[in-house]
Each structure stands twice: as C-alpha cells, then as structure tokens.
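Novice: Please read through the structure below; I'll follow up with questions.
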Amino acid sequence: MNLNSRSERALLVLLAAVQFTTVLDFLIVLPLGPKYMEVMHIGPSQFSLIVSSYAISAGLAGIAAGFFLDLFDRKKAMLGLFGGFTIGTLFCALAPNYHLLVLARALAGAFGGVTGALILAIIGDAVPEERRGAAMGLVMSAFSLAMICGVPCGLYLAQLWSWHVPFFALAGLSAVILAAAARLLPPMRGHLAHAREEHPAARVWAVLIERDHQMAFVFMAVLTFASTLIFPFIPTYMVNNTGMTQKQLPFIYLTGGLCTLASMNLIGYWADRAGKPRVFWIMSCCATVPTLIFTNLHHVPCVVGIAVTTFFMVCMSGRAVPAMSMITSSVKARYRGGFMSANSSVQQFSMGLATYVSGQIMGQTTQGELTHFTLIGVLSVFCTLGGIYLSRYLKSAVEDQPVPSAPVLVEHG
C-alpha cells in the first residue's frame, strides 16, 4: 500500500485501538488472580489454566489460520476475527463458574490471538521498513494504554460489582471499535497477487520450511517464554509476598503504563536510527536486572515495589519493539499473513507453556506466600540471554523482483 502520512497514521491508530482491546482482554485476568482464587477457591495451578487456556487456544487457531489468512482481503479478515473476539469476550462476562470461564477464555483466545497476528501483517504490508520501528512502537503503545486506563478501570469495576463487569465493558468497547473498523479500515489486497499461485497447504509448508522463518519462530518462542514466566504472577506475588493490598494493585499498571507509553515510542524511533538489533541487545541486557530484583522482593514499601515492576515493564516492552520489527522484516509480503499467524501460534504456545511451568514450579506456604519465585527469575534471565544469541541469525527478507521478459540494453556514455 502507498499511504500518505496522514492515512498511515490513521490506520495505525485504528490498529492500536484493536490491539488495545485484545491486550486488555489478556491483561485484565492477571490482577484479578487473587480475586479468582478467593471467589472460586482455586490455587496457582488452577489460575494458571485460566491464563494458559487463552494462549493455547490462540496457538491452535493460529496454525489453522495459516492455511487461509493470506487468501483474503486484510479488511475482511480483520472484521471476521475481531467480531469473533468480541463474542468470545462477551461469553467470558457471562461465564457462571470456573470451568465455563476457562472455555470462554479459550474461545476469546482463538480469535484474539489471530487478530494480533493480522495487525502485524497489516503493518508489514502498509509501512515501509525505514518507518516500521516507529509504527510498531505506536501500535504496541496499546499495551501501555491498557495498563494505564484499562486495568485500573477493570479492577475498580470488579471491586465495585464483580469480576464479570470488566468483561461486559470490554465487549461493549470492542463492538464500538469493530463498527469503526468496518467504516474506516481500507481494503488491503496487495498481497493477493500471489495468493492463488500455491495451494494453501503448500503456502504453509513454504512458510515452515524456510530457515530464516524457523529462526524467527525460535527467537519469538524464547523471548515470550522469558517474559511470561513472570508477568502473569506479578499481582499475586505483590499481594501475597510483598504486602501490597489489592486496592494498591492499579498503581502498578498505571505507573508502568505511563512509563512504557513514553518509552516504547522513544525506543521505536531509536531503533529506526541506531539499528534494531543493537537496540534489542541493549534493552535485553537491561531487562535482566529488574527480573532478578523483582523475583527476590520480600515485604517492601509500596513505592519500592511499584518502582521495580515499572523498571521491569519498561525493559521487557522496550526489547519487544525492535524484536517485532526484526521478525516482521524477516518474511516476504506474500507470506506475511501466514507467517504472522504461525508466529502468533508460537508466541501463544510459549505463553501457555511458560504460565504452566511457572504454576508447577511455584508453591504456596500456609500463609499464602508464593515460593520458588527466585528460580523462575533465573530461568527467565537464561531465556533472555538466549534471545540475544538467537537475534544474530535473523535476516531481512528480500522481496521478489520482476524478471524482465527481454534483455535490457544499456548504452555507455
């Protein structure tokens, strides 16, 4: 697509709004962990299933979507997937018990995970490489906005009424954004030029057997595993181990969101100028410090806990901006939808596996404190260092060039 700067920015804002809802749908469950455990009488392992069911379902859906995602206009695909996500979120609001909530989370994840992959494919199609870091920073700012506005509001609604209400509100907001996308999202068919040249199974196979794609998948899996080992259990750890109250939890997300909102955009511009691999290495090394500090916190003042978690979020989100830009650039446009769908599956499976692993490693004392969290922090650091090593093998894809039908003569002088 050839967009002017105003149209490009409008497209990115719309994609950020869609991203906001899908991110918030995942995030809002995490600070409600202590409430779920109290109301539903479940432990860390059962709570980890609420989180991982979303991720595992998204991973399976991503594999299926890889067969057909590049065969449709990006706009039609976005409306269908985001519509399914909106319905899944509504079912989460209506779930009356633990088991039906897990099933509803799986349904929301099936559509939400592929929607996130499609957003990245659209950015890859519409935004040139030299501006892609900044574009990623803008769209991924939805993560920060979800923490600034969405999570505190969701927690307030849950405390005021019940845990069902935040999902009702999110389903309503998603419906509004879906209507805006139907009106404002432009048709995107440029990738369809090669869509009918191969059987869908052959296209998926072509995506999977490419060595550069395989390295990108492994890279994504390691990075996602490193952050998800810790992130879902931040609220529970802060309440049970550091002495923070449930009413103070919104401040973690408010402060972290405000800081990452600024940092992700700045890091996106920095990556475009200094080089994405270099910025990724720097931010990954920085991320090891708050990881080790946070997983060893015990009964600290609230302000100290907020400072450490904010540092952790800034570093983790900061490395994601150049990383996603590097991954998006490693695939040709004709395969980008299928690749991003497969990449989303890898990401979601890694999230589900990491959440399950953390839930199995952690224990709980009779006073409710989580145990063995230090071990989880060490494991996360090793995965982060592994991501730095793997990033050396990511390569930017070279698009196919048209082959001239006849020799081209060049006169000298």
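Novice: Name the one entry in Thr291, Thr310, Thr255 that is without any contact (Cβ under 8 Å) to a residue 60 or more places away in the chain and in contact with a Gly (Cβ under 8 Å, 6 or more places away or on another chain).
Specialist: Working: Thr291 fails: without any contact (Cβ under 8 Å) to a residue 60 or more places away in the chain; Thr255 fails: in contact with a Gly (Cβ under 8 Å, 6 or more places away or on another chain).
Testing whether each residue is without any contact (Cβ under 8 Å) to a residue 60 or more places away in the chain and in contact with a Gly (Cβ under 8 Å, 6 or more places away or on another chain) leaves just Thr310.
Novice: Moving on to the next point. Taking the stated definitions as given, is Ser380 under 29 Å from Val102 (Cα atoms) and hydroxyl-bearing (Ser, Thr, Tyr)?
Specialist: Working: under 29 Å from Val102 (Cα atoms): yes; hydroxyl-bearing (Ser, Thr, Tyr): yes.
Here the answer is yes, as Ser380 does meet what is asked.
Novice: A further question follows. Quick one: would you say Leu261 is in contact (Cβ under 8 Å) with a residue 60 or more places away in the chain, open to solvent by 10 Å² or more (accessible area, probe 1.4 Å) and touching a Leu at 6+ places or on another chain (Cβ under 8 Å)? Full working, then the answer.
Specialist: Numbers: in contact (Cβ under 8 Å) with a residue 60 or more places away in the chain: yes; open to solvent by 10 Å² or more (accessible area, probe 1.4 Å): yes; touching a Leu at 6+ places or on another chain (Cβ under 8 Å): yes.
In short, yes.
Novice: Return a yes/no flag: does the range 9-16 have any residue that is touching a helix residue (DSSP H, G or I) at 6+ places or on another chain (Cβ under 9 Å), under 27 Å from Ile230 (Cβ atoms) and either in a helix (DSSP H, G or I) or free of Cβ contacts under 8 Å to residues at least 60 places away in the same chain (or both). Quick ask: steps written out before the conclusion?
Specialist: Step one: of the range 9-16, the residues touching a helix residue (DSSP H, G or I) at 6+ places or on another chain (Cβ under 9 Å) are 9-16.
Going one step further and asking which of them are under 27 Å from Ile230 (Cβ atoms), we end up with 16.
Keeping just the survivors that are either in a helix (DSSP H, G or I) or free of Cβ contacts under 8 Å to residues at least 60 places away in the same chain (or both) gives 16.
Yes, the range 9-16 contains at least one residue that is touching a helix residue (DSSP H, G or I) at 6+ places or on another chain (Cβ under 9 Å), under 27 Å from Ile230 (Cβ atoms) and either in a helix (DSSP H, G or I) or free of Cβ contacts under 8 Å to residues at least 60 places away in the same chain (or both).
Novice: Turning to a different aspect of this structure: Given the condition surrounded by 18 or more Cβ atoms within 10 Å (Cβ to Cβ), modelled with pLDDT of 85 or more, more than 30 Å from Thr371 (Cα to Cα) and in contact with a Gly (Cβ under 7 Å, 6 or more places away or on another chain), answer yes or no: does some residue in the range 65-87 qualify?
Specialist: Yes, the range 65-87 contains a residue that is surrounded by 18 or more Cβ atoms within 10 Å (Cβ to Cβ), modelled with pLDDT of 85 or more, more than 30 Å from Thr371 (Cα to Cα) and in contact with a Gly (Cβ under 7 Å, 6 or more places away or on another chain).
Novice: For Val39, only one of the following conditions fails: (1) in contact with a helix residue (DSSP H, G or I) (Cβ under 8 Å, 6 or more places away or on another chain); (2) in contact (Cβ under 8 Å) with a residue 24 or more places away in the chain. What is its number?
Specialist: Unmet for Val39, out of (1) in contact with a helix residue (DSSP H, G or I) (Cβ under 8 Å, 6 or more places away or on another chain); (2) in contact (Cβ under 8 Å) with a residue 24 or more places away in the chain: (1).
Novice: Only one of (1) modelled with pLDDT of 80 or more; (2) more than 23 Å from Ile122 (Cα to Cα); (3) within 21 Å of the chain's Cα centre (by Cα) is not met by Ser52, so which one is it?
Specialist: With (1) modelled with pLDDT of 80 or more; (2) more than 23 Å from Ile122 (Cα to Cα); (3) within 21 Å of the chain's Cα centre (by Cα) applied to Ser52, the lone miss is (1).
Novice: Go through the range 312-329 and count every residue that is farther than 17 Å from Leu229 by Cα and assigned to a helix (DSSP H, G or I). Steps first, please.
Specialist: Step one: list which residues in the range 312-329 are farther than 17 Å from Leu229 by Cα, which gives 318, 321-329.
Those left that are additionally assigned to a helix (DSSP H, G or I): 318, 321-328.
Looking only at that region, the number is 9.
Novice: Any residue in the range 128-148 that is closer than 30 Å to Pro322 by Cβ and among the β-branched types (Val, Ile, Thr)? Don't jump to the end; show me each part of the working.
Specialist: So the first thing to find is which residues in the range 128-148 are closer than 30 Å to Pro322 by Cβ, and the list is 128-148.
Checking which are among the β-branched types (Val, Ile, Thr) leaves us with 139, 148.
Yes, the range 128-148 contains at least one residue that is closer than 30 Å to Pro322 by Cβ and among the β-branched types (Val, Ile, Thr).
Novice: Still on this structure: Can you work out which of the residues in the range 124-167 that are among the charged types (D, E, K, R) and over 26 Å from Gly84 (Cα atoms) is modelled with the highest pLDDT? Steps first, please.
Specialist: Initially, the range 124-167 is screened for residues among the charged types (D, E, K, R), giving 125, 129-132.
Okay, now just the ones that are also over 26 Å from Gly84 (Cα atoms), so 129-132.
Numbers: Glu129: 65, Glu130: 68, Arg131: 72, Arg132: 66.
Ranking the qualifying residues of the range 124-167, first place goes to Arg131.
Novice: Output the residues belonging to the range 145-179 that are surrounded by fewer than 22 Cβ atoms within 10 Å (Cβ to Cβ), in contact (Cβ under 8 Å) with a residue 40 or more places away in the chain and among the aliphatic types (A, V, I, L, M). Can you show your working first?
Specialist: Taking the range 145-179 as the starting set, the residues that turn out to be surrounded by fewer than 22 Cβ atoms within 10 Å (Cβ to Cβ) are 145, 148-149, 152-153, 156-162, 164-165, 168-169, 172-173, 175-179.
Going one step further and asking which of them are in contact (Cβ under 8 Å) with a residue 40 or more places away in the chain, we end up with 145, 148-149, 152, 156, 158-159, 164-165, 168, 173, 175, 177-178.
Selection gives Leu145, Ile148, Ala158, Val165, Leu173, Ala175, Ile177, Leu178.
Novice: Still on this model: If Ala121 satisfies every condition in (1) modelled with pLDDT of 75 or more; (2) closer than 25 Å to Ile28 by Cβ; (3) open to solvent by less than 40 Å² (accessible area, probe 1.4 Å); (4) part of a helix (DSSP H, G or I) but one, which is the exception?
Specialist: Of the numbered conditions (1) modelled with pLDDT of 75 or more; (2) closer than 25 Å to Ile28 by Cβ; (3) open to solvent by less than 40 Å² (accessible area, probe 1.4 Å); (4) part of a helix (DSSP H, G or I), the odd one out for Ala121 is (2).
Novice: Taking into account only those residues within the range 296-330 that are of a type in the set (Gly, Ala, Ser) and either open to solvent by 20 Å² or more (accessible area, probe 1.4 Å) or touching a strand residue (DSSP E or B) at 6+ places or on another chain (Cβ under 6 Å) (or both), which is nearest to Lys395 (Cα to Cα)? Break it down into steps so the answer makes sense when it comes.
Specialist: Going through the range 296-330, the residues of a type in the set (Gly, Ala, Ser) turn out to be 305, 307, 317-318, 320, 323, 325, 329-330.
Still in the list and also either open to solvent by 20 Å² or more (accessible area, probe 1.4 Å) or touching a strand residue (DSSP E or B) at 6+ places or on another chain (Cβ under 6 Å) (or both): 307, 320.
Numbers: Ala307: 36, Ala320: 17 Å.
Among those residues, the one meeting the criterion is Ala320.
Novice: In the range 201-305, which helices (runs of 4 or more DSSP H) lie fully inside it and hold 2 or more residues that are of a type in the set (Gly, Ala, Ser) and within 17 Å of Thr328 (Cα to Cα)?
Specialist: 211-228, 249-274
The values are calculated or read from the model by the stated rules, or taken from the named source; none is laboratory data. It should be emphasised that the depicted structure is a prediction, and the values quoted were computed from it without experimental measurement. For neighbour counting, all protein chains shown are included, and Cβ atoms are generated from backbone atoms with ideal geometry for every residue, glycine included. For accessibility, only protein heavy atoms count, side chains too; no ligands or nucleic acids. Shrake-Rupley method; radii C 1.70, N 1.55, O 1.52, S 1.80 Å.
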